[in-house]
Amino acid sequence: MLKPYILFYSIIAMASTLKVSAQENVVLETLFGKLATYANVNAPEKAYLQTDKDLYTNGETIWFKTYVLNGITHTISDKSKVVYVELVDMDQSIIAQRKLFIGQDGACGDISIPDDIEEGSYLLRTYTKYMLNGDDPNLFEKEIDIWQQKLNAIDISKREPTLSRAEEKAPKKELSTTITTRPIIQFFPEGGDMVEGLESVLGLKVTDEKGNGIAIQGKIIDQNGKLMGSFRSFEFGLARTYFKAVPNTKYYAEIQIEGKTERYTVPDPLSKGYSLQILNRGDYLRIRVSTNGANGLKGLLLLGHLRGDLILKQFLGANDENAITVKLLTSKLRDGVAQFTLFAPNGEPVCERLVFVENPKNDIRLSLNTDKRNYSFREKVDVSLDLADSKGRPLEGDFSMSVVTEKGLKGKPESMNSWLLLNSDLGGTVEDPTYFFDPTLNGRQFLLDLLMLTHGWRRFRWQSFTKKGVSKALAFQPEKGIVISGKTTAFDNPYQPKKAKTTLSILAQDILQEKNPTNAQGKFSFGPYFFQDSVETIINAESIADSEKNKKQLAIYVDPPFPKIQIKNPKRSFMDRVTMTYAKPYLKEAQLQKLMDLKYDPKVTKLKEVVVKSKPETREQRINKELNTRTLYGQARDRLFPDSIPWMQNNTISVLEILRLVPGVQIFGSIPNQLVQIRGAANFSGPVPPLFLLDGMPVDADFIQTIPVLDVLFVDVLKGADAAIYGSRASGGVIGVYTKRGENFDEAPTWTPGVFNAKIPGFYKARQFYAPNYAEAKPENEKPDHRLTLLWDPALVVRENGRSKLNFFTGDTAGEYVIRVEGITYDGRPVSKIQKFNVGVNSTH
């Protein structure tokens with residue numbers, strides 16, 4: 001019989017309870033130290049990105065703001081001062097990149113969507129280099145949909161708005177409630193394992209083959225058909241049941257599909273082990289640990305943390321008990337995912353459970369009001385904000401505000417609350433995380449606890465804290481500014497690093513010069529610097545050697561300005577479940593705005609006959625024009641010239657080596673057995689190799705490797721749609737190798753040993769959002785105003801009194817509009833709020 005033991009554990013008294021005696025396990029004490037180092041020294045960063053809306057068309061501007069926060073406290077991070085924002089497609093190909101400096105209120109920017117962009121779903125990704133440390137970085141990605149619209153300027157005044165082919169592509173199928181195939185059932189015993197003789201909570205997740213949750217009823221039976229418990233799955237297919245396993249017995253889950261019984265084997269219980277059960281009561285957690293082992297709970301440790309911040313540390317077994325109950329008050333805790341782990345005396349984690357903490361005292365009241373509900377066209381709108389805590393005390397923070405047509409928003413995208421408090425700590429694996437933060441949802445806390453029961457902690461693994469050995473240095477240190485870095489190598493061998501004395505000269509208004517020696521691997525680094533726009537630089541390198549005889553000619557390689565990252569894309573599996581029928585009304589308004597912009601654009605005017613004198617072609621244009629006559633496809637996006645790269649001037653090197661310089665192209669193996677893979681080129685059978693061309697004729701990769709590199713004039717790489725001209729055989733992309741034919745392009749650019757000229761891009765300077773002031777009579781105000789985003793303010797600050805005011809004007813398009821505010825308080829609490837109003841209604845209230 002289990003011996004019960006109850007402990008009341010108050011967070012208020014934690015300081016005295018956390019003191020441990022000298023007899024406690026040294027291994028576990030080491031674990032505490034590493035957890036403290038993680039929280040206080042190596043705290044992770046989290047980034048979040050806000051946009052003015054969720055739906056765009058080609059030619060529009062994406063306005064955004066990004067925050068970089070301490071991953072534990074959610075206050076502004078004191079580590080990184082550089083943040084990156086990328087627009088990528090579903091194949092992880094980068095469409096646009098921004099490098100931004102992080103101020104006290106985050107960083108804001110914009111991206112102009114190319115007119116020829118392919119229609120589809122895209123991701124806006126934001127991150128710092130420091131966040132790339134680790135095996136599988138969890139970066140914030142916001143899904144947006146971009147639609148393609150084409151306008152004809154000839155009949156611009158007569159043309160009515162029409163829909164793009166997006167409407168035809170939008171899925172119309174409703175989610176089926178009829179189950180016709182065998183569902184997939186996953187089992188999640190609370191704490192990790194069921195144990196014979198101990199009451200167990202068994203979590204279940206019921207999905208179809210695409211991962212969609214299925215609502216269904218079922219039961220748990222033993223091998224003799226005896227009913228042990230029943231279950232019913234809710235949203236996302238989540239369910240749970242209770243039963244006590246007995247020795248030498250098999251258990252099964254059974255469901256009915258169209259009159260047919262489907263049976264699933266439940267994981268076997270452990271004959272000896274531990275159970276960890278947690279009941280979330282809101283203002284406190286009831287934590288119960290039990291065992292059927294002969295030694296009881298002696299020497300075990302129960303540890304709890306919230307995002308790495310220690311909240312519970314209790315050594316068990318002092319009274320030889322077989323069960324213990326701990327009551328943990330939540331009144332002093334932050335909101336978010338807490339992890340509770342039971343450790344054996346050797347430091348091995350034996351049980352784990354996640355709990356979502358919601359402390360009512362952390363609630364924030366954001367009042368967002370307009371001076372009235374209904375407005376006329378071009379009327380001034382006054383907005384006021386009041387920010388206070390649960391007791392009415394004013395709070396301070398930094399926010400962004402967008403005012404957009406209601407048609408420009410879709411469903412409930414990831415919010416700052418759902419990302420920071422939930423999804424970021426679960427590896428971005430939660431489908432529709434905002435669902436669990438809907439205050440109107442009945443049973444929300446119950447569903448949220450089911451989510452915790454069926455998920456694991458993703459920020460770190462305990463094994464990395466307990467393993468012996470020297471900790472590795474971080475691969476990516478926090479960036480404080482723009483760093484110009486690279487390496488020096490032997491001029492004729494890029495794989496032979498050479499120590500050197502390097503000098504950087506920045507050719508700005510005042511020439512800045514700095515000298516630094518490389519390390520033994522030839523790596524150098526200058527900075528950090530702060531500058532916007534691009535600057536011209538010259539880097540010189542002088543070999544360090546014992547004598548003049550041993551000095552070598554050097555090549556200099558500068559690191560690219562943007563990191564190259566490879567991450568998993570957990571959102572991909574959710575994409576085909578999103579309906580896009582909401583896009584139809586938005587596209588009508590977007591096209592009307594484009595038509596008006598084009599009609600009233602001073603650059604689109606019927607001109608009298610004029611004589612246009614063309615500018616002389618540059619050398620680069622002339623070379624590419626002549627080379628394009630040799631290809632079927634014309635100009636390639638990626639074109640490389642081996643004779644402009646010093647380490648390619650060697651016939652012992654394969655021509656395929658040059659492909660390492662192309663983003664998204666990977667080279668595997670060594671000469672003569674090299675393989676080429678273009679990122680995203682894959683089907684259900686695995687990676688698809690590219691099509692190889694030699695002077696326009698298809699050949700195999702082995703033959704390409706026999707071509708002397710000194711005979712190659714240029715190499716083209718075609719990816720995605722660019723390779724469509726060659727049909728299905730180019731589904732893996734195209735590598736085109738073109739040999740020399742006696743071309744003479746005058747002076748070819750050459751590399752000078754020990755000298756490198758580079759244009760270094762600076763921080764992106766955000767454009768100013770245009771919002772007209774119709775209180776003033778200006779000629780530009782006569783233009784029709786069909787703006788879809790009426791206001792974008794990324795620098796909305798709420799100070800000491802917790803209040804802020806601002807105003808804007810409506811346009812000429814009637815309908816419902818949404819004011820969306822998101823941000824973070826200075827003490828690390830995320831805030832999201834929306835308010836709606838109408839335009840085109842004459843009533844004043």
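The values are calculated or read from the model by the stated rules, or taken from the named source; none is laboratory data. Values in this document were obtained by computation on a predicted structure and should not be read as measured data. Cβ: placed from backbone, ideal geometry, glycine included. Neighbour counts: every protein chain shown. Side chains are part of the model used for accessible areas, which takes the heavy atoms of the whole protein and leaves out ligands, DNA and RNA. Shrake-Rupley method; radii C 1.70, N 1.55, O 1.52, S 1.80 Å.
Below are the figures for this structure:
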| read-out | value |
| --- | --- |
| Odd one out for PHE763 among (1) hydrophobic (A, V, I, L, M, F, W, C); (2) more than 30 Å from GLU536 (Cβ to Cβ); (3) surrounded by 14 or more Cβ atoms within 10 Å (Cβ to Cβ) | (2) |
| Which listed residue, of LYS244, LYS205, is over 39 Å from the mean Cα position of the chain (by Cα) and open to solvent by 10 Å² or more (accessible area, probe 1.4 Å) | LYS244 |
| Any strands (runs of 3 or more DSSP E) falling wholly within segment 37-99 and containing at least 1 residues that are modelled with pLDDT of 95 or more and more than 21 Å from PRO528 (Cα to Cα) | 45-51, 61-70, 82-89 |
| ILE102 vs. criteria of a type outside the set (D, E, K, R), free of Cβ contacts under 8 Å to residues at least 40 places away in the same chain and within 30 Å of GLU119 (Cβ to Cβ) | no |
| Flag if ARG820 is among the basic types (Lys, Arg), in a loop (DSSP other than H, G, I, E, B) and touching a residue at least 60 places away in the same chain (Cβ under 8 Å) | no |
| Single unsatisfied condition, VAL470 versus (1) outside any helix (DSSP H, G or I); (2) at pLDDT 85 or above; (3) β-branched (Val, Ile, Thr) | (2) |
| Sole exception among (1) open to solvent by less than 50 Å² (accessible area, probe 1.4 Å); (2) modelled with pLDDT of 95 or more for ASN807, by number | (1) |
| Within segment 229-241, considering residues that are assigned to a strand (DSSP E or B) and touching a Ser or Thr at 6+ places or on another chain (Cβ under 8 Å), the one surrounded by the fewest Cβ atoms within 10 Å (Cβ to Cβ) | SER230 |
| In segment 347-384, the residues that are open to solvent by 30 Å² or more (accessible area, probe 1.4 Å) and on the phi > 0 side of the Ramachandran plot | ARG378 |
| Number of positions in segment 277-336 that are of a type in the set (Val, Ile, Thr) and farther than 30 Å from ASN70 by Cβ | 4 |
| GLY211 out of contact with any Gly (no Cβ under 6 Å at 6 or more places or on another chain) and in a strand (DSSP E or B) | no |
| Members of segment 399-456 that are of a type in the set (Val, Ile, Thr), buried (at least 20 other Cβ atoms within 10 Å of the Cβ) and out of contact with any Lys or Arg (no Cβ under 9 Å at 6 or more places or on another chain) | VAL430 |
| Selection status of GLN649, open to solvent by 70 Å² or more (accessible area, probe 1.4 Å), modelled with pLDDT under 75, among the polar types (S, T, N, Q) and under 21 Å from TYR557 (Cβ atoms) | yes |
| Test: residue in segment 133-141 that is closer than 30 Å to SER290 by Cβ, part of a loop (DSSP other than H, G, I, E, B) and at pLDDT 90 or above | no |
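This table checks each residue for (1) open to solvent by less than 70 Å² (accessible area, probe 1.4 Å); (2) of a type in the set (S, T, N, Q); (3) in contact with a helix residue (DSSP H, G or I) (Cβ under 9 Å, 6 or more places away or on another chain); (4) closer than 26 Å to ASP116 by Cα.
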residue: GLN666; (1), (2), (3), (4): yes, yes, yes, no
residue: PRO687; (1), (2), (3), (4): no, no, no, no
residue: LEU691; (1), (2), (3), (4): yes, no, yes, yes
residue: VAL699; (1), (2), (3), (4): yes, no, no, no
residue: GLY720; (1), (2), (3), (4): yes, no, no, yes
residue: ALA723; (1), (2), (3), (4): yes, no, yes, yes
residue: SER728; (1), (2), (3), (4): no, yes, no, yes
residue: ARG741; (1), (2), (3), (4): no, no, no, no
